[in-house]
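Single-structure report; data block below.
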Amino acid sequence: MVVQGSETDSRISASAALPGDGAGFEALAQQHRAELHLHCYRFMGSTEDAEDLVQETFLRAWAKRDTYQGRSTYRSWLYGIATNACLDALRRRARRVIPADVKNAADPRAEPERATGFAWLEPYPEKLLESMATRDTGPEAKLIRKETTELAFIAAIQHLPPRQRAVLILRDVLDWSAKETAEALDTTPAAINSALRRARETIRQRWTPQAAGDEETSAMTDTDRSLLNNMVEAWEHADTAAVAALLSADARFMMPPIASWYRGRNAIVTFLTEHAFGPSEPGRFRALPTAANRQPALGIYIRDPQKVHRPFGLMVLTTKGTTVTEMALFQIPRLFPLAGLPHIAGGQ
């Protein structure tokens, strides 16, 4: 496995710090916090779960610090602990889903249905990737390449059994060998290769990468930025026609925790006209551009009775060429500060 910097120096510094130096351990651990958070998010599909599991990883690492022998890098050692922490968590928690996993496309004229009892997938604000995005070499660069961070990939791997999910992430995202993966999961390389074949087959049925190539890590192209700016403008003015002009004919629109979702430009236009936008008074919405999952996104605010625009949802756009193929509006206001968005949008 390729590692950044001197592998020998990394092992020596870790071996020196781990036995009893709490400050040294903390400093070493924090160097890998951001990438471990993304690693745990891929497993869990939730930023909150990811944060809990990073903390659990550090607690387990400290408790097991005497077992680190320097045979692998400290980074790899932490990843093995994080992976097993995620597997333990997945045994206790329901998998994360999107509305299309649990319902057929809805009638856009019917009242939207809010569902309970589901663990909904969450997006991953781009701000959380910033510390890794500044490093264009080494393992971090590969971790945030667009194709393995995009929302559709995260949604697809939630369908894998936990063990297959771990194998796919370790082998195809981290580029670990079958031997390294087997050691982390306490099994054999043959078992790893078998699980990887099954996992890849499932993923092929559920996901087609949008990125241009394996090395593409950019959050947005110039075309994406143009589409995003136009979508911001359209939502600011509650302009159904302007939204429609940006959509592909077969676009999808979903709004977790609303279970209802809509397939096709015409259905989306009908829903926006009759429900989301309707005859609402001017200035109801504010929208600010951002990014999530290496994709364009916008924070949408709605004006409350006190005429203050407060966070409503983070909408992630999936694009293809010059059109938007999916709008995924996640009604999770707590993601706004993680995305670098203000808690109140200006203007009246």
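Where a number appears in this text, it was derived from the coordinates with a stated rule and is not lab data. Nothing here was measured: the structure is a model prediction, and the numbers come from that model. Here Cβ is always computed from backbone atoms with ideal geometry, including for glycine, and neighbour counts include all displayed protein chains.
See the values below:
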| read-out | value |
| --- | --- |
| Environment charge of Leu288, counting only residues whose C-beta is closer than 12 Å and scoring Lys/Arg +1, Asp/Glu -1 | -1 |
| Relative contact order (%) - segment 222-338, alpha-carbon pairs under 8 angstrom, separation at least six | 27 |
| Calculated from backbone phi, Karplus (6.51, -1.76, 1.60) coupling profile of segment 87-98 in Hz, x at Gly/Pro | 4, 4, 5, 5, 5, 9, 10, 6, 5, 7, 10, 10 |
| Residues whose placed amide H lies under 5 Å from that of Ala259, excluding near-sequence neighbours | Glu113, Arg114, Ala115 |
| Straight-distance crosslink candidates among lysines, where the alpha carbon sits under 26 Å from Lys103 and sequence neighbours closer than 8 are dropped | Lys320 |
| Antiparallel bridge percentage (DSSP; both residues within the chain; nearest 5) | 85 |
| Correct choice for semi-axes √(5λ) of the Cα gyration tensor in Å that was computed from the model, options (i) 35, 22, 16; (ii) 35, 30, 17; (iii) 39, 21, 18 | (iii) |
| Residue-averaged 222 nm ellipticity for the chain, from DSSP H runs of 4+ at -39500 (n - 2.57), nearest 500 | -12500 deg cm²/dmol |
| Those lysines that a straight Cα-Cα span of less than 29 Å connects to Lys307, excepting residues fewer than 8 apart in one chain | Lys127 |
| Estimated dipole of the chain in Debye, rounded to 20 [Cβ of Lys and Arg +1, of Asp and Glu -1, Cα centre] | 760 |
| Spatially proximal lysines relative to Lys179 (Cα-Cα < 27 Å; intrachain offsets below 8 disregarded) | Lys64, Lys142, Lys146 |
| 13 Å beta-carbon shell around Pro311, net charge (K/R +1, D/E -1) | +3 |
| ³J(HN,Hα), Karplus 6.51/-1.76/1.60, whole Hz, each residue of segment 108-125, x for Gly, Pro | x, 8, 6, 5, x, 9, 8, 9, 10, x, 10, 9, 8, 4, 10, x, 10, x |
